[in-house]
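Each remark here refers to the structure printed beneath this line.
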There are 6 protein chains.
Amino acid sequence: MQKQIIQVINPNTSWGMTETIATAARAVASPMTEIVAVSPSQGLPSIEGHFDEAIATVGVLEQIKLGREQGVSGHVIACFGDPGLLAARELANGPVVGIAEAAMHMATLVATRFSIVTTLPRTLVIARHLLRQYGFEHHCAALHAIDLPVLALEDGSGMAQEKVRARCIQAKREDGSGAIVLGCGGMATLAQELTHELGLPVIDGVGAAVKMVESLVALGLSTSKHGDLDYPRRKAATGVFQHLN
Amino acid sequence: MQKQIIQVINPNTSWGMTETIATAARAVASPMTEIVAVSPSQGLPSIEGHFDEAIATVGVLEQIKLGREQGVSGHVIACFGDPGLLAARELANGPVVGIAEAAMHMATLVATRFSIVTTLPRTLVIARHLLRQYGFEHHCAALHAIDLPVLALEDGSGMAQEKVRARCIQAKREDGSGAIVLGCGGMATLAQELTHELGLPVIDGVGAAVKMVESLVALGLSTSKHGDLDYPRRKAATGVFQHLN
Amino acid sequence: MQKQIIQVINPNTSWGMTETIATAARAVASPMTEIVAVSPSQGLPSIEGHFDEAIATVGVLEQIKLGREQGVSGHVIACFGDPGLLAARELANGPVVGIAEAAMHMATLVATRFSIVTTLPRTLVIARHLLRQYGFEHHCAALHAIDLPVLALEDGSGMAQEKVRARCIQAKREDGSGAIVLGCGGMATLAQELTHELGLPVIDGVGAAVKMVESLVALGLSTSKHGDLDYPRRKAATGVFQHLN
Amino acid sequence: MQKQIIQVINPNTSWGMTETIATAARAVASPMTEIVAVSPSQGLPSIEGHFDEAIATVGVLEQIKLGREQGVSGHVIACFGDPGLLAARELANGPVVGIAEAAMHMATLVATRFSIVTTLPRTLVIARHLLRQYGFEHHCAALHAIDLPVLALEDGSGMAQEKVRARCIQAKREDGSGAIVLGCGGMATLAQELTHELGLPVIDGVGAAVKMVESLVALGLSTSKHGDLDYPRRKAATGVFQHLN
Amino acid sequence: MQKQIIQVINPNTSWGMTETIATAARAVASPMTEIVAVSPSQGLPSIEGHFDEAIATVGVLEQIKLGREQGVSGHVIACFGDPGLLAARELANGPVVGIAEAAMHMATLVATRFSIVTTLPRTLVIARHLLRQYGFEHHCAALHAIDLPVLALEDGSGMAQEKVRARCIQAKREDGSGAIVLGCGGMATLAQELTHELGLPVIDGVGAAVKMVESLVALGLSTSKHGDLDYPRRKAATGVFQHLN
Amino acid sequence: MQKQIIQVINPNTSWGMTETIATAARAVASPMTEIVAVSPSQGLPSIEGHFDEAIATVGVLEQIKLGREQGVSGHVIACFGDPGLLAARELANGPVVGIAEAAMHMATLVATRFSIVTTLPRTLVIARHLLRQYGFEHHCAALHAIDLPVLALEDGSGMAQEKVRARCIQAKREDGSGAIVLGCGGMATLAQELTHELGLPVIDGVGAAVKMVESLVALGLSTSKHGDLDYPRRKAATGVFQHLN
């Protein structure tokens, strides 16, 4: 078993959040895994809608390309909307896993139904689309939003964290689900504590995705280049996209 | 009834295709509609996968922003994957319609099931995702790819057009569907002729989307700003994305 | 662009409702469109269940046949259950659009999810069946009934209209949807005012269907006669159905 | 256990087919059941599309009303499209079962998947809609049409019957399904023989529906009048529909 | 019409419940049907989860084998989770019907949507899985649990029965469904009384399953041995399973 | 990171297959993981249908109980039907993963659609049910059976292995899917070689499940005991099931 590098990409430009994510990733990584946490040099400080995701996706792709050139073993996209996931798979050699998909997959292994607790109500539509795309719409009992923006998780007050906790408690009591998925990379470090406090699995996608990439690498499985996830067809990107060629 | 401008955005940088699209749009537009066909200043010459779509989406958003500043009444995204559709709706004041959705909607109004004929097999996954997202997976009897890249439609040889025609004939014979949707903006000008030759509706999304935007404008309906298609939350995009602020 | 006639069929025998519908249709029709609003000579004064729909369907078919003989360009079925839609498509040359489908299609273009506000609770099952048939069950966040019969909209008291308004306000507050579909032809003239008052798209199917028929005509698309919407097989209808031969 | 009457309604006007249906019904009815086979006095000689169904539905409703007045215990609608089923349930006191639903229900009890063999290709859309409405789309492995009209089953040549047999044999070989549903009331008398010849359940809906009505009656279960299958709201039908009041 | 034996299998070892089930079965059986009610000699006193079902399934299979050797005409599995249904179909000659499926099928024939009232919340997941497997997830408006274990129905206090009644009344008022399915074999004898009191069909699966087996026998339909319900492949079961060979 | 034991349960009694499975498990396990491969002392030599699964499930539960008493960290059920999965989760403290679910989950991370290659056609229904239960029916492009029994993989001739290979090649050419899932524990050791030969991910569930259990353990996630996967309710199992108390 060799040393391997997993690139964990925070798609927004908030370095504090990158550090939160890196901490969560390192806490569960194998001793043989080095976590390299990165974020785009340009883009948006948080991702809370489709427009934000569109911009973040370009940053994700830049990082995927850099990671590939550096020979990393695999990539994690550490934003709960999994922005640019399929595009990133086209670009990558190794496996690419999003934190929303990772958390949802893991949740279905430990409970028959799960709840999601996320930030702003406007992001719920993204979670709903992912549930359908990944096949888990029947496994999700309820979606909740704490109605605070993503960066409230980084303001140091702890208020957003307290709201997450309160919503998790409510979800446990009312939803009839056996597990809770945390719907934002910025909540990653809350999972373990809430799991203990609530007495049911509270799942962070960052850690889940790191373990899934490690697993795929160990199994010798990488993104299929047969068919629709093959490398992008070679053609000249122009302007600010030239560096993605 | 006032004069109105509809912005038709070709998300790729191939000007020939923009002209094909503009022609198809103008052929069906109301006399009170002015079609302004645009394409991004930078990006990719064709869109044939998720990576291509991710890049094209930024170009689409730039154009949406410009169109909004120019006071256009509505926007058409003229690439069959409808790249950036929901992001564009967040950014726009007026209605935004993609050509894939427009063609699919129209097809369900004239037939109980339809077939799709598109370019490369690798784009089929995008069409399949859109069918699910829009709700039409049970209305689509079959998907076909002519196995030629998008730009083959622009090479002047007519070979790609002939392959489209052959596939449409085959689809009519074998699929048990009542209509055919053309799965590429570059096929837009073929629809009318094939409709006549084959004796069943062959639907181009460019024209369909123009009429849908006109309809929404006439009905006084615009993208809802209540909820998850509201304008992007104000925050500072950095770097090459600054102009999208 | 030629002058064209669109036949708008009120499937019930209440002339007041036919006038409401005609008003809504004319308010949005193109200057080149003449609206001919008709209703069956015999049948039921309102349609509030499957039995009512079965009877209304015969009236719809009679009118479709008359309209076809008069050379109209297309047809609208102006009752929210879209009674007889597929049968009408078999009988018609031109396109036929129901107001429920038209409103639902339009709603998906301006919002990620919509709510429906209709009359009696017993009609909800019809709306639910249409959502599944058209593919929009995942786009509908909630269905509401004001619990008044259809003809309460015609009693001049305005009470039913006020109940519709109240339910729309409640739907906006509670459903997490971005648009509201009015679930009865008799509500057609309320849409514009409610759209302004509520600040989100409130959609009337009558206007929507008129624009869709205009669009299909402009695109040269008519009901497919290849396959299962072909003209009814020729055979002798007897008794009171002879005139449908 | 009392004597009971089950009304079996052939929705078309072909008396020969009514007799075929009556024979199939009587062959399986309990000794305590009297089968009264009826058909509308006016309508169409066969039902092969939505237009035909719309007309047949009025005939079905007339017969339901007559049967109710005669005090029958329950009703069977003996046409594979189950025309007018929900409207009939509104009108009836007792249970109403369609032969398509009955055959499909029974098929799911004896096999994990079934095939359907019907008459004209244009009727397949009706079968597909019923599969979705009843919930059996995942239980149906394949649909087949012999491409002969319904009345070919009544021409005395036996050719249609032979085609049905050939298709059933092919379905057994190719579909991977464990049972076959006969998709036309006119095929009712073929089921038993084909079951023996092919060595798998070949299911006729007429017999199946008779047993289901008997079962519902024995269980004391009738069409629910709580909610959306309640009797039609009282209002004056005019013209040729007056007798349905 | 010959005398026939239907074996009704109570999958748990509580003889009181076997008697309740036998009573309900005999109350609706045809005079030509003899009900033989059995339960496994070893196993669990009640079934309230997947583990319980796994054990009960072995008992069901033993009884199916015994019943087959005794030449019974068909089998009923009288526990609402239908434990071992497909395995039992492989083993049996005759038809096998579960009480959950029977009740759900019947409910769809008398109402457009139904509610379920069952015992412990932890069994709801089983009911939900069955709804999906049988195709009825869109026909079920709501699921309710009285939050008492199965054997509370046998404690003679009547408290569980009263809770069932209260939940049925609440379901009628709130769910918008037209029928109620009782979700436990131990509730079988409540159905008729509740049907009368509530004025809507309250359905017991035991009686429903008996009538369905009688129907299948009368129709000459038995479990298909073509394909995946064929007899188990012959191989030597060892240990405590030897008697199942 | 502590040493941990993962119990890999072959649900059949064929020791050769247990060794194949153990080999595949050890090939990918972390250095800190000890694989303990077990199989039931009594049961069936292979599992090829629902009856076989019902018997195997009891053996699985016995082993789960033993493993729990021995303090293993988690469990793998190494038969492609995942027999007894939810019952095992009730009984276990730690996580339990089936090889079918593990392989399917992994496949969706490296390809947009996958194919399955399994043994006998009669087992396809089980795979289809699992696809629906897990949410992956839209991710599976095709299912194939080599039409040889499970034990043909153990006969030393290599013929079954060659048939698997041929089917994988055919699936790659025809299905339009990007990955292949091997549908039997006995095929586990073929995956790596076929992945290299075919140039696309060929996925064995045994290895996949081991990595998933390791991942869940590392993440501190275990089967939720809140809700429907809680420990079985305490009640006295009798007879041969006493040891499961």
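The values are calculated or read from the model by the stated rules, or taken from the named source; none is laboratory data. Source: prediction; values computed, not measured. In this analysis, Cβ positions are derived from the backbone assuming ideal geometry, glycine residues included, and neighbour counts consider all displayed protein chains.
Quick notes
- Residue count for the range A:179-226 satisfying the condition of being more than 7 Å from chain F (Cβ to nearest Cβ) and aliphatic (A, V, I, L, M): 15.
- Qualifying residue in the range E:102-121 (condition: modelled with pLDDT of 95 or more and at positive phi): no
- Tally, over the range E:168-186, of residues that are surrounded by 19 or more Cβ atoms within 10 Å (Cβ to Cβ) and farther than 13 Å from D:Gly227 by Cα: 7
- Condition broken by E:Met106, with the remaining ones in (1) farther than 19 Å from E:Leu190 by Cα; (2) not assigned by TED's automatic domain parsing to the domain that holds E:Glu53 satisfied: (1)
- Condition check for D:Gly176: away from chain E (no Cβ under 13 Å), small (Gly, Ala, Ser), in contact with a Leu (Cβ under 9 Å, 6 or more places away or on another chain) and touching a residue at least 12 places away in the same chain (Cβ under 8 Å): no
- For the criterion of being in contact (Cβ under 8 Å) with a residue 24 or more places away in the chain and either buried (at least 23 other Cβ atoms within 10 Å of the Cβ) or not aliphatic (A, V, I, L, M) (or both), C:Glu19 fails.
- Breaking point among (1) under 17 Å from the mean Cα position of the chain (by Cα); (2) under 29 Å from F:Gly135 (Cα atoms), for A:Ser39: (2)
- A:Arg167 being in the same structural domain as A:Met104 (by TED's automatic domain parsing), of a type in the set (Lys, Arg) and touching a residue at least 40 places away in the same chain (Cβ under 8 Å): yes
- In the range D:128-147, residue farthest from the other protein chains (Cβ to nearest Cβ) [restricted to those that are farther than 17 Å from B:Asp175 by Cα and assigned to a helix (DSSP H, G or I)]: D:Leu130
- Conditions (1) within 29 Å of E:Ile35 (Cα to Cα); (2) within 10 Å of another protein chain (Cβ to nearest Cβ); (3) surrounded by fewer than 21 Cβ atoms within 10 Å (Cβ to Cβ); (4) not polar (S, T, N, Q): number failed by E:Arg165: (2)
- Restricting the range D:187-208 to residues that are touching a Phe, Trp or Tyr at 6+ places or on another chain (Cβ under 9 Å) and part of a helix (DSSP H, G or I), the residue that is surrounded by the most Cβ atoms within 10 Å (Cβ to Cβ): D:Gly205
- Of everything listed in (1) of a type outside the set (D, E, K, R); (2) assigned by TED's automatic domain parsing to the domain that holds C:Ala166; (3) at negative phi, the single unmet condition for C:Leu85 is (2).
Yes/no per residue for (1) surrounded by fewer than 24 Cβ atoms within 10 Å (Cβ to Cβ); (2) in contact with a His (Cβ under 9 Å, 6 or more places away or on another chain); (3) of a type in the set (Phe, Trp, Tyr):
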residue: B:Phe51; (1), (2), (3): no, no, yes
residue: B:Thr57; (1), (2), (3): no, no, no
residue: B:Pro95; (1), (2), (3): no, yes, no
residue: B:Gly98; (1), (2), (3): no, no, no
residue: B:His105; (1), (2), (3): no, yes, no
residue: B:Val110; (1), (2), (3): no, no, no
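- Picking from residues in the range E:1-12 that are surrounded by fewer than 23 Cβ atoms within 10 Å (Cβ to Cβ) and either among the hydrophobic types (A, V, I, L, M, F, W, C) or touching a residue at least 40 places away in the same chain (Cβ under 8 Å) (or both), the one that is nearest to E:Glu69 (Cα to Cα) is E:Ile5.
- Any hit, the range E:233-244, residues being out of contact with any Pro (no Cβ under 6 Å at 6 or more places or on another chain), of a type outside the set (Lys, Arg), buried (at least 20 other Cβ atoms within 10 Å of the Cβ) and at pLDDT 95 or above: no
- Within the range D:216-231, the set of residues being of a type in the set (A, V, I, L, M) and either more than 24 Å from E:Ala27 (Cβ to Cβ) or not in a loop (DSSP other than H, G, I, E, B) (or both) comprises D:Leu216, D:Val217, D:Ala218, D:Leu229.
- Any hit, the range A:165-174, residues being assigned to a helix (DSSP H, G or I), over 12 Å from A:Val117 (Cα atoms) and β-branched (Val, Ile, Thr): no
- When residues of the range C:22-49 are limited to those that are in contact (Cβ under 8 Å) with a residue 60 or more places away in the chain and farther than 19 Å from C:Val213 by Cα, the one surrounded by the fewest Cβ atoms within 10 Å (Cβ to Cβ): C:Pro45
- Within the range F:134-149, considering residues that are farther than 30 Å from A:Met106 by Cβ and hydrophobic (A, V, I, L, M, F, W, C), the one surrounded by the most Cβ atoms within 10 Å (Cβ to Cβ): F:Ile146
- Of all residues in the range F:15-39, those being more than 12 Å from F:Ala78 (Cβ to Cβ), out of contact with any strand residue (DSSP E or B) (no Cβ under 6 Å at 6 or more places or on another chain) and not polar (S, T, N, Q) number 6.
- Hits in the range D:87-132 - residues which are closer than 28 Å to C:Gly81 by Cα, touching an Asp or Glu at 6+ places or on another chain (Cβ under 9 Å) and charged (D, E, K, R): D:Glu90, D:Glu101, D:Arg122, D:Arg128
- For F:Leu151, the conditions (1) without any contact (Cβ under 8 Å) to a residue 12 or more places away in the chain; (2) outside the structural domain of F:Ile35 (by TED's automatic domain parsing); (3) not charged (D, E, K, R) all hold with the exception of (1).
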